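Here is the structure we will look at.
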Amino acid sequence: MKMMGVPKQPILEARQIVKKFPGQTALDKVDFDLRAGEVHALIGENGAGKSTLIKIIAGVYRADAGEIFIEGQKQVIQNTTDSRNLGLGFVYQDLTLVPHLSVAENIFLGTYPTNRLGFVKHAVLPDMVRQIPDALEMDVDLKKPVEELSLIQKWKVAINRALALKSRIIFMDEPTAAMTQEEVDQLFELIRHLAGNGKAIVYVSHRLEEIFSIADRVTVLKDAKKVETADLKEVNAENIYQLMLGRDFKDVFPKKHTFQEDKLLDIKNLSRGSSVRDVSFTLSKGEVVCIAGRAGSGRTDLARLIFGADKKDRGDIYVEGKKVEINCPTDAIAKNIALVPQERHIEGLILPMDVKQNITIASLTKLFRWNRIPFLSKKKEQALVHPLVEKTAVKASSLAQEVQYLSGGNQQKVVLAKWLCSEAKIMIFNEPTRGIDIGAKFAIYQLIHDLARIGVGVIVISSEITEIVGLAHRVLIMESGTIKAELQGDEASLDSVVQQLFA
Ligand SMILES: Nc1ncnc2c1ncn2[C@@H]1O[C@H](COP(=O)(O)OP(=O)(O)OP(=O)(O)O)[C@@H](O)[C@H]1O
Ligand SMILES: [Mg+2]
């Protein structure tokens, strides 16, 4: 963001803020300063103290020590009315809108103009919306109930409500947690518009990649302390990750092994409509190739083409030097290609079947190659499935539990176990860690690493840049259906991938 004529004095300054909760310190002498017209990201791991800081400035909590200055004036913020009167606006993730009330009513919630009898003057509300200075344009009927709006329109309502209260600073606590990439992009447009009009934005997140795309400066909190405030032009993603976690992000991932170049998969000019256009790349035995790209870049479509889940328009696929025809997933499985899909409910699992059936299903033809009778003894099944369940750390009451009753993360692990059982030589993972907890994430990273080490060629599609960089021998950047860049080995740093994605 260009900051023209930015005043030297911060619009908001918090000094040495301390907040203690029983048994723990949530903020330990934290300093924070904010300038008009800037987007200031507040980043840190879960529990670092981000929301607590915001709530203290909002007057939701009282600080145990510290001072807050607004435009150089010391202020005592005792409650949310105080913060509102100081021009501080807060948009929380749940947006706190009233669903059945109209857009205009929500924008003026609690501050309605009333006539002498105390009735709300509904007729004048839409006009008042139009008069809010710097308001975001509402491209919907202002009388429409808010519940009928899209998520982004609801955000506009919530932001306009803050603007109606003459907020000069708008705080957003993890706004994108439940958003799709498109919605994130739209929200960023709104944020840029606000900053362009001189508003200051405090943007809380723990997504590193978002910070670089939207913020001017960043303050990193770790274990209740401020570790750094930096200009984003002067730091890179590695620096911030290091500050946030207190360790090099490379230490989070298994150490990358070296592999012999031995071409396993060769994709030539694979195309389908406008979603995948002339994609060519190779994959060696033991190599991990990660595909980065924003939503709609064609990553998932590419995976589906290789796996035969969609039909290609043209292009060729070679496995171990031989051209293969893949017209459906069965063809792909026969060529030892597996896809661990993103939508595991739709594609990866048969929900009413139990854990062991789901694990063995893709391998049945292989298991029965040597005997004609399609029957797997209980003992054999147990011997086969048990180690896989252990390895992937599936938490289920028993192997006979139906997968529909497992948690999302555990369902993901069953899908993994299923493909491990199939002994595929080429494994494609689409968002392997989405929605699973940190512990399970590391187990999956280890698993991917182990697979590659025994010679499996692995393709990982992910929206998490850290996991892409942490796992990949090579990173392909996809955009508009094509591979726009390829980063090899050390070239594939967090920073270079962030740059390629947002360039
Ligand atoms: N009302 C409360 N009572 C007791 N402890 C609290 C309260 N609110 C926060 N804490 C504690 O203070 C610490 C900081 O919490 P905070 O919510 O500020 O973290 P955060 O950085 O926003 O994390 P997240 O990324 O998970 O939202 C945590 O350890 C939390 O458990
Ligand atoms: Mg929080």
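For segment 379-430, give me each residue that is among the basic types (Lys, Arg) and not in a helix (DSSP H, G or I).
Residues satisfying the conditions are Lys395, Lys425.
For residues in segment 18-71 being charged (D, E, K, R) and near ligand 1 (Cβ under 10 Å from one of its atoms), which is nearest to the chain's Cα centre (by Cα)?
Of everything passing the filter in segment 18-71, Glu45 is nearest to the chain's Cα centre (by Cα).
Hey, can you tell me all the residues within segment 186-213 that are away from ligand 2 (no atom under 16 Å from the Cβ) and without any contact (Cβ under 8 Å) to a residue 60 or more places away in the chain?
Gln186, Leu187, Phe188, Glu189, Leu190, His193, listed by residue number.
With a cut-off of at least 2 residues that are surrounded by 15 or more Cβ atoms within 10 Å (Cβ to Cβ), name the strands (runs of 3 or more DSSP E) lying wholly within segment 269-336.
Result: 276-284, 288-293, 314-319.
Pairs needed: first member in segment 484-501, without any contact (Cβ under 8 Å) to a residue 12 or more places away in the chain; second member anywhere, surrounded by 15 or more Cβ atoms within 10 Å (Cβ to Cβ) and not in a loop (DSSP other than H, G, I, E, B); C-beta distance under 8 Å; at least 6 residues apart or different chains.
Once the first residue is without any contact (Cβ under 8 Å) to a residue 12 or more places away in the chain and sits in segment 484-501, its partners that are surrounded by 15 or more Cβ atoms within 10 Å (Cβ to Cβ) and not in a loop (DSSP other than H, G, I, E, B) give Ser496/Leu487.
Hey, among the residues in segment 20-57 that are within 16 Å of ligand 2 (Cβ to nearest atom), touching a helix residue (DSSP H, G or I) at 6+ places or on another chain (Cβ under 7 Å) and assigned to a strand (DSSP E or B), which one's farthest from Asp231 (Cα to Cα)?
Ala26
Give the residue that is surrounded by the fewest Cβ atoms within 10 Å (Cβ to Cβ), with candidates limited to residues of segment 155-178 that are part of a loop (DSSP other than H, G, I, E, B) and more than 16 Å from ligand 1 (Cβ to nearest atom).
Residue satisfying both the conditions and the ranking: Lys166.
Do we have Thr433 as assigned to a helix (DSSP H, G or I) and over 30 Å from Asp313 (Cα atoms) here?
No: the conditions fail for Thr433.
Looking at Ser213, is it hydroxyl-bearing (Ser, Thr, Tyr) and surrounded by 19 or more Cβ atoms within 10 Å (Cβ to Cβ)?
Taking the combined requirement at face value, the residue does not satisfy it.
Pairs needed: first member in segment 279-291, basic (Lys, Arg); second member anywhere, not in a loop (DSSP other than H, G, I, E, B); C-beta distance under 8 Å; at least 6 residues apart or different chains.
Listed pairs, sorted by first residue: Lys285/Leu264; Lys285/Gly457.
Could you list, in sequence order, the residues of segment 218-246 that are surrounded by fewer than 21 Cβ atoms within 10 Å (Cβ to Cβ) and under 30 Å from Asp64 (Cβ atoms)?
Passing the criteria: Lys222, Asp223, Lys225, Val227, Glu228, Thr229, Ala230, Gln242, Leu243, Leu245, Gly246.
Is it the case, given these coordinates, that Ala14 is under 32 Å from the mean Cα position of the chain (by Cα), surrounded by 20 or more Cβ atoms within 10 Å (Cβ to Cβ), more than 18 Å from Ile169 (Cβ to Cβ) and in contact (Cβ under 8 Å) with a residue 24 or more places away in the chain?
When the stated conditions are applied, Ala14 does not pass them.
All of the numbers you see were taken from the coordinates with simple rules; none came from a lab. Just so you know, these numbers come straight off a predicted model, no measurement behind them. So basically every Cβ, Gly included, is an ideal-geometry build from the backbone, and we count neighbours across all protein chains shown.
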